[in-house]
1. Would you mind working out the accessible area per residue for segment 125-185, using a 1.4 Å probe, and quoting it in Å²?
2. Pairs Lys146/Lys261; Lys154/Lys250; Lys136/Lys235; Lys81/Lys116; Lys28/Lys151; Lys24/Lys235: which are spaced more than 27 Å apart, C-alpha to C-alpha?
3. Rounded to the nearest percent, how much of the accessible area of segment 175-238 (1.4 Å probe, protein heavy atoms only) is carbon and sulfur?
4. Could you sort 67-77, 212-222, 137-147 so that the peptide with the highest average Cβ count within 10 Å comes first and the rest follow in order?
5. Using each residue's phi in segment 281-298, evaluate 6.51 cos²θ - 1.76 cosθ + 1.60 at θ = phi - 60° and report the 3J(HN,Hα) Karplus result to the nearest Hz, with x for Gly and Pro.
6. Mind checking the dipole of segment 1-152: about its Cα centre, +1 per Lys or Arg Cβ, -1 per Asp or Glu Cβ, Debye to the nearest 20?
7. So for segment 43-93, taking the charge dipole from beta-carbon charges (+1 Lys/Arg, -1 Asp/Glu), which of Phe73, Ser90, Ala43 sits furthest toward the positive end?
8. Find which of Leu134, Tyr192, Phe215 sits farthest along the positive direction of the dipole of the chain, computed with +1 on the beta-carbon of Lys and Arg, -1 on that of Asp and Glu, about the Cα centre.
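The values are calculated or read from the model by the stated rules, or taken from the named source; none is laboratory data. Being a predicted model, the structure only gives us computed values, none of them experimental. FYI the Cβ positions are ideal-geometry reconstructions off the backbone, even for glycines, and counts take in every protein chain you see. Ligands, DNA and RNA are excluded from the accessible area calculation, which covers all protein heavy atoms including side chains. Shrake-Rupley method; radii C 1.70, N 1.55, O 1.52, S 1.80 Å.
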Amino acid sequence: MPASNLVKNYPADINNAYFLKTPKLKNKIERIAVFGMGGCYVAGLVLKELLREEISVELSPHIKTSSKILSIFLSYSGNTKEIINYFEKSSPNSLVITSGGRLLRLAERKKAMIIKIPENMHQRFTFPYIFFPLIKFLEENSIIKKKNISKIIKTLEKNQMAVEKQAKVIIERLNNKIPLFYASNFFFPTAYALKVYTEEDAKILCYSGRITELFHNEIEALPDKKFFPILIIDKEETKNFENQINFFKKYIKNFYEIDFKNFSREERMFLILNLINYFSCSLALKRGVEPFKTLISDKIKKL
């Protein structure tokens, strides 16, 4: 399937993923621990921010599992070595989301809860199938309040042209510089995803960080003609830093701020995640490299 179609299918993928079959939780839980690498780690970061007011979500390989902790193991292929190692040490109160591989076989043997997602998908576009069945599972087991997923899908469908247009503007402004993605805490998952997917698709090194860290020390390295800062600002979180942000904008001058501020925080999160797909794909094509092919990282994972 052409890269452009994979990007445009994003809202439909969310809809299909959300209605996958999910299991019933056996024990009452107090918090969640998520284990994932790469794109699956992005899913954990997004989950942590979206559910911050409802339940504690931790992302760490050092979490001790117990009956009061729901341990969630994310691996599309089911062959991620690190995730398999963590799962082998887990408690029975575990949920596995995967398409197959060794992780699925181990989960079946340990009688863990399983969400089986479709096989043979392009690895780069598995985020909806990792994330939204997990949301459905948490909703149906009364761990979180029901989310308005249909509204998110409709927002994405209606704004695809605006998303694509903004991605192209960023690429034009980037002009072969190294992108520095900075976000406030709630939107840090999108800054991290911008870094990961741009490196993966366009084959250029990037950087992601939090705006508060930028003000402490990183601003000393800016401005620099090699770099182009891209900001994702949440007014709710940064109202106490308005003076610093205004100073930064006047001092740096050459930067870009991602928009969609008229939408809810949840809608904006997924609009930006969709923008990332357009951005990384279009930047790859502009650079003359094929997006979504990861020959080197695929090879090293098999060693």
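1. Values: 2790 Å² over 61 residues.
Solvent-accessible surface per residue comes out at 46 Å².
2. On the way: Lys146/Lys261 23 Å; Lys154/Lys250 37 Å; Lys136/Lys235 29 Å; Lys81/Lys116 19 Å; Lys28/Lys151 30 Å; Lys24/Lys235 38 Å.
In this structure, Lys154/Lys250; Lys136/Lys235; Lys28/Lys151; Lys24/Lys235 exceed 27 Å between Cα atoms.
3. 52
4. On the way: 67-77: 23.0, 212-222: 12.9, 137-147: 16.2.
In descending order of packing, they fall as 67-77, 137-147, 212-222.
5. Once θ is set to phi - 60°, the couplings for segment 281-298 become 5, 5, 5, 4, 5, 5, 7, x, 10, 7, x, 6, 9, 10, 5, 6, 5, 4 Hz.
6. Details: 24 positive and 12 negative charges, 79 e Å.
Roughly 380 debye, rounded to the nearest 20.
7. Working it through, the farthest residue towards the positive pole turns out to be Ser90.
8. Leu134
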